[in-house]
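For reference, the structure is listed below as structure tokens.
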Amino acid sequence: MAGSHILEIHLIDGTYELFRHYYALPSARDRDGREVAAVRGVLASVLGMIRGGATHVAVATDHVIESFRNQLWPGYKTGEGIEPDLLAQFNLLEEVLSAAGVVVWPMVEFEADDALAAAAAIADADARVERVVICTPDKDLAQCVRGTRVVQLNRRTRVTLDAAGVVQKFGVSPESIPDYLALVGDAADGYPGLPGWGAKSSAAVLAKYFHIESIPGDWREWRVNAANAGALARTLINERDRARLFRTLATLRTDIPLFDDVDELEWHGPGPGFERLGAILDAAVTRRSPKVRKSDRSEHHN
């Protein structure tokens with residue numbers, strides 16, 4: 001175990017980081033003409049965290065953008081519309097981070113978000129762990145927050161959410177986040193929620209009833225501050241199956257066997273292939289032309 005007495009686990013959303021750096025940095029191409037600026041940015045960022053004291057670090061990526069959720073809902077997000085120069089950097093990112101000695105989980109059937117959720121659950125179960133920090137702004141991950149022990153960090157804004165912070169931001173506790181997203185929808189993930197159910201009414205009802213099944217069919221029983229409660233109740237009765245499907249989409253999987261022991265996440269320095277890859281990245285030529293966003297995908301599922 002590392003020398004530090006306080007054992008913190010840092011779990012990083014590699015997909016979000018790649019999007020973020022792709023749109024933030026000017027283009028840089030290696031000798032073969034491959035775009036590498038985002039990979040270089042993410043690598044510097046992750047190594048910067050380690051230099052800053054992070055000892056146990058892992059990065060989850062969407063090796064394939066599609067997942068099992070695409071079979072459940074045809075409108076679920078795909079890789080369509082993502083810049084080819086961005087998409088092409090996923091494999092390189094996984095290769096470079098692995099060479100740098102960082103644990104990487106490239107997800108195919110599941111999503112990077114599922115890996116972060118599963119890893120947080122495994123780390124949370126270890127009594128030696130003081131804190132698990134999930135590094136992503138993605139609202140799905142708010143469901144994994146536990147008290148002050150498992151927290152969510154937006155590395156761009158430097159805002160950390162513990163359970164009280166989740167309640168303050170969304171109006172519901174972490175356990176209700178999948179139900180909340182099912183009702184309000186998640187445009188970034190490609191499902192619409194239920195008509196009329198906005199953020200305020202959904203939060204008001206779920207703050208009292210926690211889960212969709214527990215919401216009474218008769219709105220007069222609710223006794224919460226929700227506009228057009230009668231219409232909301234009718235919609236929920238008529239579309240309960242759809243709401244449950246959206247909740248399945250929003251519920252992150254924690255049953256993925258990623259590692260057995262948090263010791264496996266400890267960083268021990270770069271591997272033998274890192275110098276060669278690092279030299280290729282260092283030699284890449286930067287071109288100062290800012291990228292034009294086709295759509296605001298840089299906030300990836302935020």
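Where a number appears in this text, it was derived from the coordinates with a stated rule and is not lab data. These figures come from a predicted structure and were not determined experimentally. Counting neighbours? That spans all protein chains shown, and the Cβs are built from the backbone with ideal geometry, glycine included.
Taking only region 212-264 into account, find how many residues are within 19 Å of residue 125 (Cα to Cα) and surrounded by 15 or more Cβ atoms within 10 Å (Cβ to Cβ). Number of matching residues: 7.
Condition check ((1) within 22 Å of residue 266 (Cα to Cα); (2) touching a residue at least 60 places away in the same chain (Cβ under 8 Å); (3) surrounded by fewer than 19 Cβ atoms within 10 Å (Cβ to Cβ)) across all residues:
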residue: 115; (1), (2), (3): yes, yes, no
residue: 122; (1), (2), (3): yes, yes, no
residue: 134; (1), (2), (3): yes, yes, no
residue: 146; (1), (2), (3): no, no, yes
residue: 151; (1), (2), (3): yes, no, no
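Among the residues making up region 42-77, those that are free of Cβ contacts under 8 Å to residues at least 24 places away in the same chain and assigned to a helix (DSSP H, G or I) are 44, 48, 51, 70, 71. Filtered by the rule that a residue be of a type outside the set (Gly, Ala, Ser) and more than 20 Å from the chain's Cα centre (by Cα), region 26-49 gives 26, 29, 30, 31, 32, 34, 35, 36, 40. Against the condition part of a helix (DSSP H, G or I), out of contact with any Phe, Trp or Tyr (no Cβ under 8 Å at 6 or more places or on another chain) and surrounded by fewer than 18 Cβ atoms within 10 Å (Cβ to Cβ), how does residue 164 come out, does it pass? Yes: the conditions hold for residue 164.
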